[in-house]
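The values are calculated or read from the model by the stated rules, or taken from the named source; none is laboratory data. For clarity, every value in this text was computed on a predicted model and none was experimentally measured. Cβ sites come from the backbone with ideal geometry, for glycine too, and all protein chains shown count toward neighbours.
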Amino acid sequence: MVNNIGASKNLPEKWKIKKLGEVADVIDPQPDHRAPKEVPNGYPYVGVGDFNNDGTINFEKTRKVVEEAIIKQESSFKIDQNDIAFGKVGTIGNPRYLSYDKRYALSATLVLIKSKEVFNSYLYYFLQSQQLMDQIKRLTTGSTRPTIGILKLRELDIVIPSEKEQQKISAILTSVDDTIQKTEKIIEQTEKVKKGLMQQLLTKGIGHTKFKKTEIGEIPEEWEVRRLEDIISSTKLGTNDTANGNMGLPLIKMGNLTFGGFNFSKIEYINAIPQQYESFLLKDGDFLFNTRNTPELVGKTAIWHNQLEKAIYNNNILRIVFNKEIISSSDYVAYQFNEGLLKGKIRGLVNGTTSVAAIYWKDLSKVRVPIPNLNEQQKISEILGSLEEKIQIETNRKENLSKIKNGLMQVLLSGKVRVKVDEEEVTTS
């Protein structure tokens, strides 16, 4: 039998390669590919995009279909606890454990996998492995909406260690997954706390009991409302020069800004020394506003806090420096722009087409900003900033755990590192 992995000669002794269709039932839930009739208040029709980050089904998000679809499915197969759903249209792979605490149907974008000959959780992890995804890449058709057929899925090669090793490998990877899920819950809870505090602090402030109505909404009596142009000391668009090298000065572009932060996964450079771009060098506390982008992304705002040692910015970004006698924290203004009282006002300034949009200074300058006293601005920024720092720490932790998991999967599922079974020492092949 021809195998797709091409590495069987490197497998440990007694490890086998079998087809997925041999070790599991691979079931097409909609073999006729006819979508059932949708109805209000019907039964969930679960597709590849209907899973939450923690692997549970988002039943509220699913399409709702007639009961006949459920009856048809139940007459053909039964979903058991911890059966595996596997994407075959759109998103290929991304296996998820299924529960069956309520009635629902699976759509044609998924296949149902019921393990027969291998430990279920071992199969779940192998279905996530690079070894499997490399096979799928060779078999997938379609570029805009990738698809893999049920027959090809059944022919995928699965590497099978002894049952005890399967259980041990699964236990190790499950332990890492449990830690990742706990970290995700901490992030989710902290984001909820931040959202609630942000709503309170950006509209009610700290310790206020008396409020007044203004053109931007109700705010504490002691706060002022002033135009943006009246609270700044300078503005400057970035350089017109384009990136021209792989080293030199990092060029911050609109894609590097997020709503409240930065994404440095893709950095471009201008081959120059800092002195050549002195007026465009970013300084701590600079307020950066994205003036041109798509309608959904234009208006992104972030504060530069020396995230990189030296950097400049391009002409799709406006740098605003505030009058320090009025604004003690540029972070406070950014919170108001991105999430606070000014979020809707900023969206209302967008001009342009469906693909390209802009916000012009002549309009932005007239935006009215709620202004607490200098000390309160600082306190609001510190409270929200501490929560953002916690979220970032936990996000970094989650990313590191994911890297550890991927590394473990690579060596454990290939047999390059052997697990300890019956008190035997871990060995490497």
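Taken over the range 294-307, the residue count meeting the criterion of being touching a residue at least 40 places away in the same chain (Cβ under 8 Å) and buried (at least 21 other Cβ atoms within 10 Å of the Cβ) is 5.
Here the condition is being surrounded by fewer than 16 Cβ atoms within 10 Å (Cβ to Cβ), within 27 Å of the chain's Cα centre (by Cα), part of a helix (DSSP H, G or I) and outside the structural domain of E339 (by TED's automatic domain parsing); of K185, K194, it holds for K185 alone. Against the list (1) surrounded by 18 or more Cβ atoms within 10 Å (Cβ to Cβ); (2) of a type in the set (A, V, I, L, M, F, W, C); (3) part of a loop (DSSP other than H, G, I, E, B), the condition I326 fails is (1).
For the range 9-29, the tally of residues that are surrounded by fewer than 19 Cβ atoms within 10 Å (Cβ to Cβ) and part of a loop (DSSP other than H, G, I, E, B) stands at 5. Out of all the residues in the range 331-352, which are more than 15 Å from R368 (Cα to Cα) and not in a loop (DSSP other than H, G, I, E, B)? Within the range 331-352, D331, N351, G352 meet the criteria. Residues in the range 377-416 that are of a type outside the set (S, T, N, Q) and either out of contact with any helix residue (DSSP H, G or I) (no Cβ under 8 Å at 6 or more places or on another chain) or without any contact (Cβ under 8 Å) to a residue 12 or more places away in the chain (or both): 8 in all.
Taken together, the residues in the range 134-149 that are part of a helix (DSSP H, G or I) and surrounded by 14 or more Cβ atoms within 10 Å (Cβ to Cβ) amount to 3.
Just one residue in the set K310, K253 is more than 24 Å from D230 (Cα to Cα), of a type in the set (D, E, K, R) and surrounded by 14 or more Cβ atoms within 10 Å (Cβ to Cβ); that residue is K253.
So which of I57, I113 is outside the structural domain of N406 (by TED's automatic domain parsing), within 30 Å of the chain's Cα centre (by Cα), closer than 30 Å to K168 by Cα and modelled with pLDDT of 95 or more?
I113
Out of the residues in the range 74-133 that are out of contact with any strand residue (DSSP E or B) (no Cβ under 9 Å at 6 or more places or on another chain) and under 22 Å from P146 (Cα atoms), state the one that is surrounded by the most Cβ atoms within 10 Å (Cβ to Cβ). Within the range 74-133, the match that is surrounded by the most Cβ atoms within 10 Å (Cβ to Cβ) is T91.
All but one of (1) under 14 Å from M409 (Cβ atoms); (2) assigned to a loop (DSSP other than H, G, I, E, B) hold for S175, so report the exception by its number. The number of the failed condition is (2). Restricting the first member to the range 310-327 and to residues that are touching a residue at least 60 places away in the same chain (Cβ under 8 Å), and the second to residues that are among the charged types (D, E, K, R), the beta-carbon pairs closer than 6 Å and six or more apart or on different chains are N314/K253; N316/R292; R319/K236; R319/D286. Quick check: is even one residue across the range 36-49 without any contact (Cβ under 8 Å) to a residue 60 or more places away in the chain, within 29 Å of K185 (Cα to Cα), in the same structural domain as I150 (by TED's automatic domain parsing) and surrounded by 15 or more Cβ atoms within 10 Å (Cβ to Cβ)? For the range 36-49, residues without any contact (Cβ under 8 Å) to a residue 60 or more places away in the chain, within 29 Å of K185 (Cα to Cα), in the same structural domain as I150 (by TED's automatic domain parsing) and surrounded by 15 or more Cβ atoms within 10 Å (Cβ to Cβ): absent.
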